[in-house]
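The values are calculated or read from the model by the stated rules, or taken from the named source; none is laboratory data. All figures in this text were calculated on a predicted structure; none of them were measured in a lab. Cβ placement follows ideal geometry from the backbone for every residue including glycine, while neighbour counts extend to all protein chains displayed. Heavy atoms of the whole protein, side chains included, go into the accessibility calculation; ligands, DNA and RNA do not. Shrake-Rupley method; radii C 1.70, N 1.55, O 1.52, S 1.80 Å.
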Amino acid sequence: RRMTRTNQGALVGCSLSSGAVRTDAGDVPVVTVGGRPTKVRLVRLWEVEDPAFRNAVADVFQSVWPSRKGECVAIRRGTHDPAKKPTPLVLVSVDGSGVDTTPRVLGYTIVYPSSAMKRPEGSTKTGECANCTLNSVLVPFELRGAGIGAVLVKLAARVAVTELGFECVTAWCQPRLVKFYETCGFAYEPPKRKNKSATGTATKKDALWAKLLNLEVG
């Protein structure tokens, strides 16, 4: 189950329009928080050194992904750094001077390098696409339904391509969230084959997960 689109908005194998956040210089997304318009941006976790901020991120992470204890501990201890490949991104509010002094955690995801992707037929570039995966995408329960998740995913995909050097952005989601990722500019592509258990029945993962791609073909 996979969807693909070019970074320019042209789609491969389907006709969805791009839902990407504009990349105009100075463009700052606005979301509604507590009934008020709030400017937001993504920061790398290590950019805010305050341990209280890391703890706030970890608390939100634990509330949404309680079984992912290792990642929660890494967030709380601040073990991520620019020299390591995974890049944790936190969606926070901003004021006129940049990031708020005590930013509220509005969302989180972590970008992991992944296996390179074969370029689609007709691409003007050669070689394989540098690919990454958006992991642990989350918005606090009390902030859902206001479009914050879409801003988080679009901004994370943009950062992965324009700042981290990836050409393909992959996300995994439950089938009920496929339409959400479509609105974020991702395109769906079915799996080439189904994995089955030793008994011949579809595995739980096959039933629950879909793969979506945001592909720069050039």
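Quick notes on this structure:
- Residue that is modelled with the highest pLDDT, among those in segment 31-63 that are within 20 Å of Lys154 (Cα to Cα) and hydroxyl-bearing (Ser, Thr, Tyr): Thr38
- Taken together, Val111, Val169 contain a single residue that is closer than 26 Å to Glu49 by Cβ, open to solvent by less than 50 Å² (accessible area, probe 1.4 Å) and under 13 Å from the mean Cα position of the chain (by Cα), which is Val111.
- Being in contact with a Pro (Cβ under 9 Å, 6 or more places away or on another chain) and modelled with pLDDT under 90 holds for only one residue in Ala187, Ala207, Ala116, Ala202, and it is Ala207.
- Residue count for segment 38-49 under the criterion of being assigned to a loop (DSSP other than H, G, I, E, B) and touching a residue at least 40 places away in the same chain (Cβ under 8 Å): the result is 1.
- Some residue of segment 20-30 being outside any helix (DSSP H, G or I), at pLDDT 90 or above and under 16 Å from the mean Cα position of the chain (by Cα): no
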